[in-house]
Amino acid sequence: MIDSRTAPYAALALRVALGVMFVSHALLKYYVFTLAGNAKFFESLGLPGALGYAVFAAELAGGLLILAGMYSRWVSAALVPVLLGATWAHAGNGWLFTSANGGWEYPAFLTAAALVQALLGDGKWALSSVFTEFSQRNLQGETA
């Protein structure tokens, strides 16, 4: 049974953790591996290097949106293919992420977390609720 009193806080906790993870992972690509290095990594996998730039942008923008609680359900769902790609990229390295070059356990877990966020929605203290409340008041003819 879902506890309706605590579920919004559970969604918030997941949203913050997932958003921080995406932002920090994007910043790791930018500051440590560099975007050019990330593109070369994608090429080493047989993928277009430009996809590395697109993944960086998706992780950064998506992480910020999730963190803020703006369309978390849709953004999380849209990032699932990125996480499945990361799972695929690390599949040959073994299960544990502590394996050489990182295993696939961590990206697989993050895929599940993103799917759960997509099912839960924004949760408590999300910016989307502020905009929804504001637009509902405007539709009813009330002023802020």
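The values are calculated or read from the model by the stated rules, or taken from the named source; none is laboratory data. Treat the numbers as computed from the prediction; the structure is a model and nothing was measured. FYI the Cβ positions are ideal-geometry reconstructions off the backbone, even for glycines, and counts take in every protein chain you see. Note: accessible area is taken over every heavy atom of the protein model, side chains too, but ligands, DNA and RNA are not part of it. Shrake-Rupley method; radii C 1.70, N 1.55, O 1.52, S 1.80 Å.
Table for the structure above
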{"quantity": "Per-pair calculated FRET efficiency, R0 = 41 Å: Lys124 and Leu45 via Cβ, rounded to 0.05", "calculated": "0.60"}
{"quantity": "Accessible area of Ser99 in the full protein assembly, 1.4 Å probe (Å², nearest 10)", "calculated": "40 Å²"}
{"quantity": "In order through region 84-89: 3J(HN,Hα) via Karplus (6.51 cos²θ - 1.76 cosθ + 1.60), integer Hz, x for Gly, Pro", "calculated": "5, x, 5, 4, 4, 5"}
{"quantity": "Nearest-10 value in Å² for the accessible area of Met21, using the 1.4 Å probe", "calculated": "20 Å²"}
{"quantity": "Gain on full stretching of the segment that runs from Glu105 to Ile2 - 0.36 nm per residue minus C-alpha separation", "calculated": "34.4 nm"}
{"quantity": "[x] 82, 40, 26; [y] 57, 35, 21; [z] 47, 37, 26, with the label sought being that of the calculated Cα extents along the principal axes in Å", "calculated": "[y]"}
{"quantity": "Between helix 35-44 and the chain: long-axis angle, C-alpha atoms, 0 to 90°, nearest 10", "calculated": "60 degrees"}
{"quantity": "The chain, helix-only ellipticity at 222 nm - DSSP H runs n ≥ 4, -39,500 (n - 2.57), divided by all residues, nearest 500", "calculated": "-23000 deg cm²/dmol"}
{"quantity": "Average Cα contact separation per residue, region 1-115, under 8 Å, 6 or more apart, as relative contact order %", "calculated": "22 percent"}
{"quantity": "Fraction of accessible area attributable to carbon and sulfur, the chain (%, probe 1.4 Å)", "calculated": "70 percent"}
{"quantity": "Angle in degrees between helix 105-120 and the longest Cα principal axis of the chain, rounded to the nearest 10", "calculated": "20 degrees"}
